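Have a look at the structure below before the remarks.
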Amino acid sequence: PIMFFMLIVINFLITKNVKQQISQIQENYIPIIELAPRLESDFEKTRRSFLDAVAAHDFDMLEKTKESKEAFIADLSQAQQTIDMAKVTHLQNTFEEYYSTAFEMFRRLMIGELSTSLESSMRDMQAKQIQVVALMKDATRLDKETLTHAFTETSNALDKASHLRFWINILCPS
């Protein structure tokens, strides 16, 4: 009876470990996998909204680009629990710089301003756009080694549980 009880307790602890490993994967990695396409979509909507507003020469549409900006920031703020806070802050600040630069540059373009400073603003906006894309990729990149380790630990715990169940059946037949 004591051996049976010890094996049950050990099995419980191993099962608990497996559940913790799975929970860690669900809480730390799945949100990052889901976040990347949302941020990319939000950013593309923002970029596309600017171009549509200019093409339509519609200042109301230009103002509405703030909605896609807010969607990007809302999605990014949800990631603060799974992504390094410094990366989130850097990405948000860079995105806001991009947005401000693009908004002002497209507004000036719509009012008909054509100057060398506008060309400079356009180059600055494009550089910030490239930087935002790079920071999004960096922030949502999964560390393959860490993820592999998490799955390996889960697999090892499952193997231990399987072996333990085998020995429980051998040592304590029903």
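The values are calculated or read from the model by the stated rules, or taken from the named source; none is laboratory data. Quick caveat, the model's predicted, so the values are computed rather than measured. FYI the Cβ positions are ideal-geometry reconstructions off the backbone, even for glycines, and counts take in every protein chain you see. Ligands, DNA and RNA are stripped out before the accessible areas are found, and what is left, the full protein with its side chains, is counted by its heavy atoms. Shrake-Rupley method; radii C 1.70, N 1.55, O 1.52, S 1.80 Å.
If you line up the long axis of helix 59-78 against the longest principal axis of the chain, both from Cα atoms, how many degrees apart are they, to the nearest 10?
Between the helix axis and the principal axis of the chain, the angle is about 20 degrees.
Using only the alpha carbons of the chain, determine the length spanned along each of the three principal axes and report them from longest to shortest in whole angstroms.
88, 26, 20 Å, listed from the longest principal axis down.
Which of these, LEU142, LEU35, LEU114, has the largest mean-square fluctuation under a Gaussian network model of the chain (Cα springs below 10 Å)?
Result for the chain, Cα springs under 10 Å: LEU114 fluctuates most.
Give me the net charge for the shell around LEU13: Cβ to Cβ below 14 angstrom, other residues only, Lys and Arg +1, Asp and Glu -1.
Once all neighbours under 14 Å are counted, the net charge is +4.
Could you state the accessible area per residue of the chain in Å², with a 1.4 Å probe and every protein chain left in place?
Per-residue accessible area for the chain comes out at 63 Å².
Normalise the Cα radius of gyration of the range 126-165 by 2.2 N^0.38 Å (N = residues in it) and let me know the number.
Normalised Cα radius of gyration, the range 126-165: 2.07.
Sum -39500 (n - 2.57) across every DSSP H segment of at least 4 residues in the chain, then divide by the residue count to get the 222 nm mean residue ellipticity, nearest 500.
-31000 deg cm²/dmol
Please report, as a whole percent, how much of the solvent-accessible surface of the chain comes from carbon and sulfur atoms (probe radius 1.4 Å).
58 percent
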